[in-house]
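K.L.:
Have a look at this one before I ask anything.
The values are calculated or read from the model by the stated rules, or taken from the named source; none is laboratory data. No experiment lies behind these values; they were computed from the predicted model shown. When we count neighbours, we look across all protein chains shown, and the Cβ atoms used for this are built from the backbone with ideal geometry, even at glycine. Keep in mind that these areas ignore ligands, DNA and RNA; they rest on the heavy atoms of the full protein, side chains included. Shrake-Rupley method; radii C 1.70, N 1.55, O 1.52, S 1.80 Å.
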Amino acid sequence: MAGTRIHVVSDVHGNAKDLARAGEGADALVCLGDLVLFLDYRDHSRGIFPDLFGAEAATRVVELRTARRFEEARAFQRTLWAGIDRESALEAAVRRQYAELFAAFPTPTYATYGNVDVPRLWPEYARPGTTVLDGTRTEIGGRVFGFVGGGLPSPMRTPYEIPEEEYAAKIEALGEVDVLCTHIPPQVPELLYDTVARRFERGSSALLDAIHRTRPRYALFGHVHQPLARRMRVGATECVNVGHFASTGKPWALTW
């Protein structure tokens with residue numbers, strides 16, 4: 001197929017308004033996860049956490065996390081959650097966001113999970129025209145796209161963190177693809193450092209090994225919202241961070 005244009009987004013974090021326009025002019029939309037907005041590091045008034053506990057509490061959590069005082073952040077949050085059914089409150093809030101966000105997906109959309117997503121809820125909200133892929137591949141416009149969702153274990157303890165062995169197995173199952181689509185980046189320091197959060201996020205060494213071994217044309221990912229490097233070549237592969245859609249509202253375009 002000639003003249004194919006794919007728009008790619010990641011780290012939507014509640015931005016349903018721009019998501020509804022993200023597929024305009026494209027043959028398909030690819031979404032690399034993190035639909036849910038739990039806590040906005042730039043605007044502490046936005047997200048599930050400040051909706052429940054206020055912006056002041058959100059600011060405190062951000063300060064502790066940025067200082068890498070993760071145990072203190074968790075202890076502070078436990079005091080806030082005391083007496084509240086945490087699981088029910090979070091699921092209700094996530095469901096409200098998913099109802100709005102999945103309704104905004106254009107047709108066709110190809111999507112995988114981010115580390116803050118809740119995969120078990122996706123089948124309830126994904127409409128016809130939205131294809132969910134994780135550890136599987138599909139063909140778009142004559143090119144093979146492989147998808148692996150989720151993140152690796154981290155001090156943040158987000159909802160969809162999976163063991164390294166399981167993640168590596170999903171990468172391995174894809175085989176050779178033209179475009180390798182993941183939520184987290186390969187294990188390259190320049191692609192992992194977030195200049196606003198002032199920390200290295202988790203990346204995958206299995207993903208980096210697969211890039212060296214299978215040499216896809218592109219490796220696309222998000223997860224790191226304000227990366228030190230948004231784009232770099234690793235061997236024959238162009239590695240591109242396509243987030244942070246929540247703040248830019250603009251998809252990244254892949255054409256051929």
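K.L.:
Using modelled backbone amide H atoms (1.01 Å from N, in-plane), which distant-in-sequence or interchain residues come within less than 5 Å of Val132's amide H?
P.N.:
HN-HN under 5 Å from Val132: Ala111.
K.L.:
Over the chain, with every protein chain in place, what whole percent of the accessible area is carbon and sulfur at 1.4 Å, could you tell me? It would help to have the intermediate numbers written out before the result.
P.N.:
Numbers: 5570 of 11260 Å².
Looking at the chain in its full context, I get 49 percent from C and S.
K.L.:
Let me ask something additional. With the crude spin-label approximation of a point 7 Å out along Cα→Cβ, what separation in nm comes out for Arg213 versus Glu190?
P.N.:
Each label point is offset 7 Å from its Cα along the Cβ direction, giving 2.5 nm.
K.L.:
Let me ask something else. If you take every DSSP beta bridge whose two residues both sit in the stretch 184-256, what share of them, in percent to the nearest 5, is antiparallel?
P.N.:
So the antiparallel bridges in the stretch 184-256 amount to around 60 percent.
K.L.:
Quick one: of the DSSP bridges fully inside the chain, what percent are antiparallel, nearest 5?
P.N.:
Among the beta bridges of the chain, antiparallel pairing accounts for roughly 40 percent.
K.L.:
Less than 12 Å Cβ to Cβ from Ala253, Lys/Arg counted +1 and Asp/Glu -1: what total charge do the surrounding residues give?
P.N.:
Around Ala253, the surrounding residues sum to 0.
K.L.:
If you don't mind, there's one more thing I want to ask. Would any residue of the stretch 98-124 have its amide N under 14 Å from a label point 7 Å out along Cα→Cβ of Asp43? List them or say none.
P.N.:
Those under the cut-off are none; the list is empty.
K.L.:
Moving on. Taking 30 Å as R0, compute the FRET efficiency from the Cβ-Cβ separation of Asp27 and Glu164 and round it to 0.05.
P.N.:
The formula returns an efficiency of 0.30 here.
K.L.:
Taking the Cβ of Pro227 as the centre, find all other residues whose Cβ is under 10 Å away and add up their charges (Lys, Arg: +1; Asp, Glu: -1).
P.N.:
Taking every other residue near Pro227 into account, the sum is -1.
K.L.:
Mind checking the angle between helix 86-104 and the chain's longest principal axis? C-alpha axes, 0 to 90 degrees, to the nearest 10.
P.N.:
40 degrees
K.L.:
Once the other residues with Cβ under 12 Å from the Cβ of Gly141 are scored (Lys, Arg +1; Asp, Glu -1), what is the net sum?
P.N.:
Cβ neighbours under 12 Å give a net charge of -1.
K.L.:
A follow-up question, please. Once amide H atoms are built 1.01 Å from N in the peptide plane, which residues 5 or more positions from His13, or in another chain, come under 5 Å H to H?
P.N.:
Leu35, Val36
K.L.:
For the chain, take the longest principal axis of its alpha carbons; what is the angle in degrees between that and the long axis of helix 55-66, to the nearest 10 within 0 to 90?
P.N.:
Taking Cα atoms only, the helix is inclined about 60 degrees.
K.L.:
Same structure again: Quick one: angle between helix 205-214 and the longest Cα principal axis of the chain, in degrees between 0 and 90, rounded to 10, please.
P.N.:
Compared with the principal axis, the helix lies near 10 degrees.
K.L.:
What stretch of the chain, leaving out the sites themselves, is the longest with no trypsin sites (Lys or Arg not before Pro) in a DSSP loop having at most 16 other Cβ atoms within 10 Å? Kindly include the intermediate steps, with their values, before the conclusion.
P.N.:
On the way: sites that count: Arg21, Arg42, Arg68, Arg69, Arg157, Arg198, Arg217, Arg230.
The reported range is 70-156.
K.L.:
Okay, moving on. Figure the gain on full extension for Arg96 and Thr138 (residue separation times 0.36 nm, minus the Cα-Cα span) and round it to one decimal in nm.
P.N.:
Net length gain for the segment: 12.2 nm.
K.L.:
Counting only heavy atoms of the protein chains, get the accessible area per residue of the stretch 81-163 (1.4 Å probe) and round it to a whole Å² value.
P.N.:
In whole numbers, the stretch 81-163 has 45 Å² accessible per residue.
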